[in-house]
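Below is one structure, written out as structure tokens, with a few remarks after it.
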Amino acid sequence: MSESAPRRRSRASAGLPPITAEKIIDAAVELTAERGLDGWSIRQIATKLDVWPGVVAHHVGDREAVVMAVTDQVIGRIPVPDPDVPWRDWFSSLTFDGREVLKQYPGVARRLVVVGPNVPSALPTIDTGIKVLLLAGFGDHATEIYRYLLNSAFMLVAVEDDRDSFFPSARADMGRTMAAFAADPTRPGLAAAGAQAMARSADAGAQDLAFFRLTVERSLDGAEALLKG
């Protein structure tokens, strides 16, 4: 380094608090809420905290390590129902509360479904959820039913995230396409879809929530059918 090159002042000499792993992860969580899990870089975290990118690597690790830490923190914010709640109510509460949390951090739901909830904060949820299913009588099917119910629900959240981020006009385009067939008696299937498209609420959030509720309830019905069979 030449004698004329500027020297970065230490945080202490600048009167700034020290950087910790917790502060880095908090910054990454904030960026995830703003831009999605795939929408930020290590350099952007460093800029947000006014540090060199190497500081992030030193305290937390590479981008994958930061992503894991963000995922861990977000999952930790999903309330876990009490283990003595009936199994249908338990999974209904978990999935609806989970959706509310995950919608605030786009991209985390997709990671849960594709990669799996392999972070420490997910372990109590997995343990309690499978225990609830075992107590309900699912036996050897308890683990796969747990995966089925959560993947069915959170895959929808992942789809909502991706559509909102990458295909914002897709819903309206599909609605217009279907509505064109609403009065076509020769194609009753398309006519029914068109009539529904025309009657559907313009509130996209309400549409997503209604379809989410339908999916969760029918998934629970399917699991219950296995239990009764």
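The values are calculated or read from the model by the stated rules, or taken from the named source; none is laboratory data. Since we're looking at a predicted model, the values are computed, not measured. Don't worry about glycine lacking a Cβ; one is built from the backbone with ideal geometry, like all the others, and counts go over all protein chains shown. Side chains are part of the model used for accessible areas, which takes the heavy atoms of the whole protein and leaves out ligands, DNA and RNA. Shrake-Rupley method; radii C 1.70, N 1.55, O 1.52, S 1.80 Å.
Summary of values
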read-out	value
Hits in the stretch 50-79 - residues which are outside any loop (DSSP other than H, G, I, E, B) and of a type in the set (D, E, K, R)	Arg63, Glu64, Asp72
Conditions (1) under 15 Å from the mean Cα position of the chain (by Cα); (2) open to solvent by 50 Å² or more (accessible area, probe 1.4 Å); (3) more than 19 Å from Ala204 (Cβ to Cβ); (4) not aromatic (Phe, Trp, Tyr): number failed by Val119	(2)
Test for Leu133: is it without any contact (Cβ under 8 Å) to a residue 60 or more places away in the chain and farther than 27 Å from Trp40 by Cα	yes
Residue, nearest to Leu209 (Cα to Cα), within the stretch 130-157, restricted to residues that are among the small types (Gly, Ala, Ser) and out of contact with any Pro (no Cβ under 9 Å at 6 or more places or on another chain)	Ala153
Residue in the stretch 184-207 that is in contact with a Leu (Cβ under 8 Å, 6 or more places away or on another chain), open to solvent by less than 40 Å² (accessible area, probe 1.4 Å) and modelled with pLDDT of 95 or more present	no
Flag for Ser93 being open to solvent by 40 Å² or more (accessible area, probe 1.4 Å), more than 28 Å from Phe166 (Cα to Cα) and either modelled with pLDDT of 95 or more or part of a helix (DSSP H, G or I) (or both)	yes
Hey, Ser152 over 15 Å from the mean Cα position of the chain (by Cα), crowded, with 18+ Cβ neighbours inside 10 Å and modelled with pLDDT of 95 or more or not	no
Selection status of Leu133, open to solvent by 60 Å² or more (accessible area, probe 1.4 Å), farther than 18 Å from Ala109 by Cβ and among the hydrophobic types (A, V, I, L, M, F, W, C)	no
The stretch 66-86, residues that are open to solvent by 30 Å² or more (accessible area, probe 1.4 Å) and either without any contact (Cβ under 8 Å) to a residue 12 or more places away in the chain or farther than 16 Å from Pro117 by Cα (or both)	Asp82, Pro83, Asp84, Val85, Pro86
